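Notes for the one structure printed next.
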Amino acid sequence: EDQVTQSPEALRLQEGESSSLNCSYTVSGLRGLFWYRQDPGKGPEFLFTLYSAGEEKEKERLKATLTKKESFLHITAPKPEDSATYLCAVQANSNTGKLIFGQGTTLQVKP
Amino acid sequence: DTAVSQTPKYLVTQMGNDKSIKCEQNLGHDTMYWYKQDSKKFLKIMFSYNNKELIINETVPNRFSPKSPDKAHLNLHINSLELGDSAVYFCASSHSGAGNTIYFGEGSWLTVV
């Protein structure tokens, strides 16, 4: 069964304190691994898609990496505005486009 | 300018009522989805339509009935609402095919009392 597990569930950082969020997955043929950011009261906002092991993508203070079993979202020198819930999702080898989500990591960055 | 818009944003209703949530996308996508987010923020797919044809129907009670009048619209009708239906419902859309980015709406907060 396709499954996504994120850790930790919650993370508190001081402004400027770099860290990483983990997304472990099992899927029958990975077509894509997606990272989303969700602010309270809002819908998930797309950040990255990774397609194959070894791929990396960056956006401002965020960098996503992918292996055959997991993905990491590295946050470098975070700011309070990076506080949000970060969601990881996988898309299996089918044409339905269905995303299977993890439970998310809620990040709080204190000034 | 809104890409995926859904209405209403908030809905409070009594048990047993019937309600609808509407969704529209202006991204030119041919595939639309309904996802449900529970109190633990876990997002799970409910339905998916491609060119008005149902392609995903997860284990959802028959009280939930999606309708897609055209590629840009996907509505969700819920009959005989139950307390357990309280959740946030997200509409989303994408181009068809795996690997394409799925864009989400802002969500509809449903509370059944």
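The values are calculated or read from the model by the stated rules, or taken from the named source; none is laboratory data. Here the structure is a predicted model, which is why all the values come from computation and not from measurement. Cβ placement follows ideal geometry from the backbone for every residue including glycine, while neighbour counts extend to all protein chains displayed. These accessible areas exclude ligands, DNA and RNA; they are computed on the full protein's heavy atoms, side chains included. Shrake-Rupley method; radii C 1.70, N 1.55, O 1.52, S 1.80 Å.
Per-structure values
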quantity	calculated
Given (1) within 11 Å of chain B (Cβ to nearest Cβ); (2) under 11 Å from the mean Cα position of the chain (by Cα); (3) in a strand (DSSP E or B), index of the condition A:Gln91 fails	(2)
Elements of type strands (runs of 3 or more DSSP E) contained in the stretch B:1-47, each with 3 or more residues being under 12 Å from the mean Cα position of the chain (by Cα)	B:4-7, B:19-25, B:31-37
Qualifying residue in the stretch A:103-111 (condition: at positive phi and either surrounded by 18 or more Cβ atoms within 10 Å (Cβ to Cβ) or of a type in the set (Val, Ile, Thr) (or both))	yes
Only listed residue being of a type in the set (Gly, Ala, Ser) and touching a strand residue (DSSP E or B) at 6+ places or on another chain (Cβ under 7 Å), chosen from B:Ser20, B:Ser80, B:Ser39	B:Ser20
Whichever residue in the stretch A:46-74 is open to solvent by less than 40 Å² (accessible area, probe 1.4 Å) and β-branched (Val, Ile, Thr) and, among such residues, is farthest from B:Gln37 (Cα to Cα)	A:Thr65
Qualifying residue in the stretch B:42-49 (condition: under 15 Å from B:Glu24 (Cβ atoms) and either in contact with a Ser or Thr (Cβ under 8 Å, 6 or more places away or on another chain) or loosely packed, with under 14 Cβ neighbours inside 10 Å (or both))	yes
Residue in the stretch B:43-56 that is among the basic types (Lys, Arg), touching a strand residue (DSSP E or B) at 6+ places or on another chain (Cβ under 6 Å) and within 14 Å of another protein chain (Cβ to nearest Cβ) present	yes
Set B:Leu74, B:Leu54: member being of a type in the set (A, V, I, L, M, F, W, C) and either open to solvent by less than 40 Å² (accessible area, probe 1.4 Å) or touching a Ser or Thr at 6+ places or on another chain (Cβ under 7 Å) (or both)	B:Leu74
